[in-house]
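Notes follow once the structure below has been shown.
The values are calculated or read from the model by the stated rules, or taken from the named source; none is laboratory data. Not measured: the values here are computed from a predicted model. Here the Cβ is made from the backbone with ideal geometry for all residues, glycine too, and neighbour counts use every protein chain on show.
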Amino acid sequence: MPELPEVETVRRGLLKIAKGRKIAAIDIHYEKTITNENIAWFKENLIGATIVNVDRRGKYLLFCFDNQMTMVSHLRMEGKYYNLPEDGEIHKHTHVVFHLDDDTKLCYSDSRKFGRMTLVKNDEALQVAGLKTIGPEPTAETLTVEYLQKIMHASRREIKPFLLDQSNVAGLGNIYVDEVLWMSKIHPKEHANLVSDEQIEQLRDNIIQELAVATEHHGTTVHSYTNAFGNAGEFQNHLHAYGNAGKPCERCGTPFKKIKVAQRGTTYCPHCQILTENEND
DNA sequence: CGTTTTTCCTGGCAGC
DNA sequence: TGCTGCCAGGAAAAAC
């Protein structure tokens, strides 16, 4: 499940192979991937257009073209881009193929078919659902202590779904939320407004630090497979909580527990991460 | 309006 | 081996 570090890694891979390339033709094998109501319009506007940049906002990729159009792409759980020679055989679950002007093709595959892409005019890109309400990027400049304290004081939601909500902070997903909560010694079911200001400061530092370091390591590889962009990451070797249910916490030796929080599988240390008010785990 | 639940999908895996 | 059933999960949509 690509989160910010994985999407950033994909973006850098895309820049290398696609920047400056013109789209010669497009094959669409699964139309629901494209959310534009008019698929023909999507194709017409992209064919002949040149990719001038690939940007990112949270987990969204933004392909910028020389005709003042932007293609917004979200990988959701399984979306992957990969590049083949023009005569190469596409992988299973490939839903969209962009034929480029250098005798290669840029392919999008997605075994669960959850990923989406949409084409809009540049000035409408930030009005796309999801981007319209997205929260700040998790950097020292954009995610301030004051902001995080303000929105956490105002919400009684459990901290885990609160952090997964992209309108609060952009870029976190299930893996990195479990990590930063463990690092900050906050129980995943703790209510946001009950977290102390000191803990919020730590949480903010951990979010910024963790995502930056994971990006340096090219993200986390969950599946064993392929040369698709973003799958070369090795940050899975640096995870402390996620995927470690039953194994001892490296701080205190207590076995990690796995529970459900807001429908999401959640791993935490029952000794280090304590609820302030309720006693139920 | 804030929060919770449901929905979309299919590979993988447990259980029989 | 093959079948059924269930789970995983990001974010939009629907429901509360």
What is the number of the single condition among (1) closer than 26 Å to A:Asn168 by Cα; (2) β-branched (Val, Ile, Thr); (3) in contact with a helix residue (DSSP H, G or I) (Cβ under 6 Å, 6 or more places away or on another chain) that A:Thr35 does not meet? (3)
Look through A:Thr215, A:Thr221 and report the one residue that is modelled with pLDDT under 95, of a type in the set (Ser, Thr, Tyr) and part of a helix (DSSP H, G or I). A:Thr215
Would you confirm whether or not segment A:188-203 contains a residue that is in contact with a Leu (Cβ under 7 Å, 6 or more places away or on another chain), modelled with pLDDT under 95 and over 21 Å from A:Cys252 (Cα atoms)? no
Considering only residues that are within 16 Å of DNA strand B (Cβ to nearest atom), within 17 Å of the chain's Cα centre (by Cα) and among the hydroxyl-bearing types (Ser, Thr, Tyr), which ones fall in segment A:119-156? A:Thr133
Scan (1) surrounded by fewer than 15 Cβ atoms within 10 Å (Cβ to Cβ); (2) of a type in the set (D, E, K, R); (3) within 14 Å of DNA strand B (Cβ to nearest atom) for the single condition A:Glu86 breaks and write down its number. (3)
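Out of the residues in segment A:162-177 meeting the condition of being in a helix (DSSP H, G or I), touching a Lys or Arg at 6+ places or on another chain (Cβ under 9 Å) and over 19 Å from A:Ser196 (Cα atoms), tell me which one is modelled with the highest pLDDT.
A:Leu164
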Subset of segment A:163-186 that is over 13 Å from the mean Cα position of the chain (by Cα) and farther than 14 Å from A:Pro138 by Cβ - its residue that is nearest to DNA strand C (Cβ to nearest atom): A:Asp178
Which condition number does A:Lys80 fail, the rest of (1) away from DNA strand B (no atom under 16 Å from the Cβ); (2) crowded, with 22+ Cβ neighbours inside 10 Å; (3) not acidic (Asp, Glu) being met? (1)
Could you please find all residues in segment A:151-161 being out of contact with any Lys or Arg (no Cβ under 8 Å at 6 or more places or on another chain) and farther than 17 Å from A:Asp205 by Cα? A:His153, A:Ala154, A:Ser155, A:Arg156, A:Arg157
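Tell me, please, whether a residue that is surrounded by 13 or more Cβ atoms within 10 Å (Cβ to Cβ), among the β-branched types (Val, Ile, Thr) and out of contact with any Phe, Trp or Tyr (no Cβ under 8 Å at 6 or more places or on another chain) can be found in segment A:129-136. Steps first, please.
Keep residues of segment A:129-136 that are surrounded by 13 or more Cβ atoms within 10 Å (Cβ to Cβ), which gives A:130-131, A:134-136.
Filter once more, so that each one left must be among the β-branched types (Val, Ile, Thr): A:134.
Keeping just the survivors that are out of contact with any Phe, Trp or Tyr (no Cβ under 8 Å at 6 or more places or on another chain) gives none.
No, because not a single residue in segment A:129-136 is surrounded by 13 or more Cβ atoms within 10 Å (Cβ to Cβ), among the β-branched types (Val, Ile, Thr) and out of contact with any Phe, Trp or Tyr (no Cβ under 8 Å at 6 or more places or on another chain).
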Quick test of your reading of the structure: A:His187 fulfils all but one of (1) under 15 Å from A:Ile274 (Cβ atoms); (2) crowded, with 21+ Cβ neighbours inside 10 Å; (3) within 13 Å of DNA strand B (Cβ to nearest atom); (4) not basic (Lys, Arg). Name the failing condition by number. (3)
Can you confirm whether segment A:142-152 contains a residue that is within 14 Å of DNA strand C (Cβ to nearest atom) and touching a residue at least 12 places away in the same chain (Cβ under 8 Å)? no
Could you check, for segment A:41-49, whether at least one of its residues is basic (Lys, Arg) and closer than 29 Å to A:Thr220 by Cα? no
Consider segment A:101-123. How many of its residues are surrounded by 13 or more Cβ atoms within 10 Å (Cβ to Cβ), closer than 23 Å to A:Lys32 by Cβ and not small (Gly, Ala, Ser)? 12
Taking segment A:83-141 as the region of interest, how many residues are farther than 21 Å from A:Ile26 by Cβ and not in a loop (DSSP other than H, G, I, E, B)? 3
Do any residues in segment A:101-121 that are on the phi > 0 side of the Ramachandran plot have Cβ atoms under 7 Å from those of residues that are away from DNA strand B (no atom under 16 Å from the Cβ), where the two are at least six apart or on different chains, and which pairs are they? A:Asp103/A:Pro85; A:Asp103/A:Glu86
For the subset of segment A:89-100 comprising residues that are at negative phi and within 16 Å of DNA strand B (Cβ to nearest atom), which member is surrounded by the fewest Cβ atoms within 10 Å (Cβ to Cβ)? A:Lys92
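Residues of segment A:39-77 being out of contact with any Asp or Glu (no Cβ under 9 Å at 6 or more places or on another chain) and within 16 Å of DNA strand B (Cβ to nearest atom), which ones? Give the steps one after another, and end with the answer.
Within segment A:39-77, the subset out of contact with any Asp or Glu (no Cβ under 9 Å at 6 or more places or on another chain) is A:40-48, A:53-55, A:60, A:65-67, A:69, A:71-74.
Matches in segment A:39-77: A:His74 only.
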